[in-house]
Amino acid sequence: MYKISRQIDFCYAHRLLGHQGKCRFLHGHHGRARITISAEKLNEMGMVMDFGDIRGTLEAWIDAELDHRTILCREDPLAAVLRERGEPVVIFEENPTAENLARFIYEKGREMGLPVTEVRVWETPKCSAIYGR
Ligand SMILES: [Zn+2]
């Protein structure tokens, strides 16, 4: 099995409903997503995939849709307030944890037809969550 990965940095704000600690307050992260793509065989160029193909698809989407956005749970009353003010808000069905963010990016990559096998999201340099198969 061959694997390639590309790291994408992006900034976002979020808060976690029901959290007992500081994460219940709106705060921001300089996050990093690492997209891993796997293949049993290499293509005629000797590659799993051209790195540029990740940049042109999933990285472009993260840059346009997640970077400098506020990510909130659908039940968060703050979502309506921010939208009223013209702030771009991304809505998750569940709390916008690093775990759910990793799954969100993974599923978007799959939807785009990329053979994504793992997405790792760092909320901080020390803490990350992985979603994959
Ligand atoms: Zn956080």
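By accessible area, using a 1.4 Å probe on protein heavy atoms only, region 44-133 has 48% of its surface on carbon and sulfur.
The alpha-carbon of Lys41 sits under 30 angstrom from the alpha-carbons of these lysines, leaving out residues fewer than 8 places away in its chain: Lys3, Lys108.
What is the sum of charges around His19, taking Lys and Arg as +1, Asp and Glu as -1, for the other residues whose C-beta is under 14 Å from the C-beta of His19? Result for the neighbourhood of His19: -2. On a C-alpha basis, how far is the centre of region 1-35 from the centre of region 67-94 in Å? Whole number, if you could? If we compute the Cα centre of each part, the gap is 15 Å.
For Lys22, a cut-off of 24 angstrom between C-alpha atoms picks up these lysines, skipping any fewer than 8 places away in its own chain: Lys126.
Taking Lys and Arg as +1 and Asp and Glu as -1, the other residues whose beta-carbon sits under 15 Å from that of Gly28 total +1. Take every Cα pair under 8 Å whose residues are at least 6 apart in sequence, average their separation, divide by the length of the chain, and the relative contact order is 28 percent. For region 6-133, the antiparallel share of DSSP beta bridges with both residues in that region comes to about 75%. When the residues Val48, Val121 are ordered by accessible surface, computed with a 1.4 Å probe over the protein chains alone, the sequence from largest down reads Val48, Val121.
Other residues lying with their Cβ under 15 Å from the Cβ of Glu93 contribute a combined charge of -2, Lys and Arg counting +1, Asp and Glu -1. Using a probe of 1.4 Å, the accessible surface attributed to Arg74 totals some 140 Å² when neighbouring protein chains are kept in position. The simple spin-label model puts a point 7 Å past each Cα toward its Cβ; for Arg83 and Glu65 those points are separated by 1.7 nm. Accessible surface calculations at 1.4 Å, restricted to protein heavy atoms, place the chain at 60 Å² per residue.
The values are calculated or read from the model by the stated rules, or taken from the named source; none is laboratory data. Only a predicted model underlies this, so the values are computations on that prediction, with no experimental measurement involved. With ideal geometry, Cβ positions are generated from the backbone for all residues, glycine too; neighbour counts draw on all protein chains shown. The protein model used for the area step is the full one, side chains on, heavy atoms only, and it has no ligands, DNA or RNA in it. Shrake-Rupley method; radii C 1.70, N 1.55, O 1.52, S 1.80 Å.
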